[in-house]
């Protein structure tokens, strides 16, 4: 079994805590303890501050989601698509789920959702200029499939869809990290597809 480096151990521990309680509520001492380190110097050595650690975690999570989304969207556009909204929504939503071999795959969405709730300015600062990002390219494609609707209504629906989709994926992460979680729908094979389908219903209702 491959040994996890100290730096990565701290990142994994911190992200799990941030995803549960938010960045502001977690202390350096708690991160160090969760990472099985002897003192706080280890975190300061690798990351300087908790804020710098959070910045790196958000950057990592964003890059994982965005790289996959970009790859699939590029392929779709190169083939002359998208042909329908469902194709775009699958890329938009499913790419927020990172592969299961990543130790942080059940905390990435929750990390972003809580960080945006706490400090949206900080998150946008970390992400940089998003105009060319695949995330926003997806939204622009979706707008085309809604061009028959009132523009103000389109923007309202898009905003609500994003809240719904990522809240649902946050619950999925929480459910899959807790064996005692009461709602078992996330163990079904088509659970994420149901998020995609219901998101489309929300947009076009």
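Values in this text are rule-based calculations from the coordinates and carry no lab data. Quick caveat, the model's predicted, so the values are computed rather than measured. So basically every Cβ, Gly included, is an ideal-geometry build from the backbone, and we count neighbours across all protein chains shown.
Within 10 Å of each residue's Cβ, count the other Cβ atoms and sort 195, 123 from fewest upward.
Sorted ascending by nearby Cβ count, the order is 123, 195.
Contour minus end-to-end for residue 24 and residue 38, with contour as 0.36 nm per residue of separation and end-to-end as the Cα-Cα distance?
Extra length from residue 24 to residue 38 when fully extended: 2.8 nm.
Would you list 159, 141 from fewest to most Cβ contacts within 10 Å?
Fewest to most other Cβ atoms nearby, the residues stand as 159, 141.
Give me 155, 179 ranked fewest to most by other Cβ atoms within 10 Å of their Cβ, as a rough exposure proxy.
Result, fewest neighbours first: 179, 155.
Just the Kirkwood number for the range 70-130, please: inverse of mean 1/r across all distinct Cα pairs, in Å, one decimal.
13.6 Å
Roughly how many whole Å is it from the C-alpha centroid of the range 155-182 to that of the range 16-70?
First find each Cα centre; the distance between them is then 22 Å.
If you build the convex hull over the alpha carbons only and average its shadow over all orientations, what do you get for the range 59-204? Give it in nm² to one decimal.
9.4 nm²
Using Cα springs under 10 Å in a Gaussian network model of the chain, which residue among 60, 152, 52 shows the largest mean-square fluctuation?
Fluctuation is largest for 152.
Sketch the reach of a paramagnetic label on residue 153 as a point 7 Å from Cα along Cα-to-Cβ, and name the residues of the range 176-205 whose backbone nitrogen lies under 20 Å away.
Flagged as within label range: 198-205.
Using a Gaussian network for the chain with springs between C-alpha atoms less than 10 Å apart, which of these wobbles most: 169, 58, 116?
Looking only at 169, 58, 116, the largest GNM fluctuation is found for 116.
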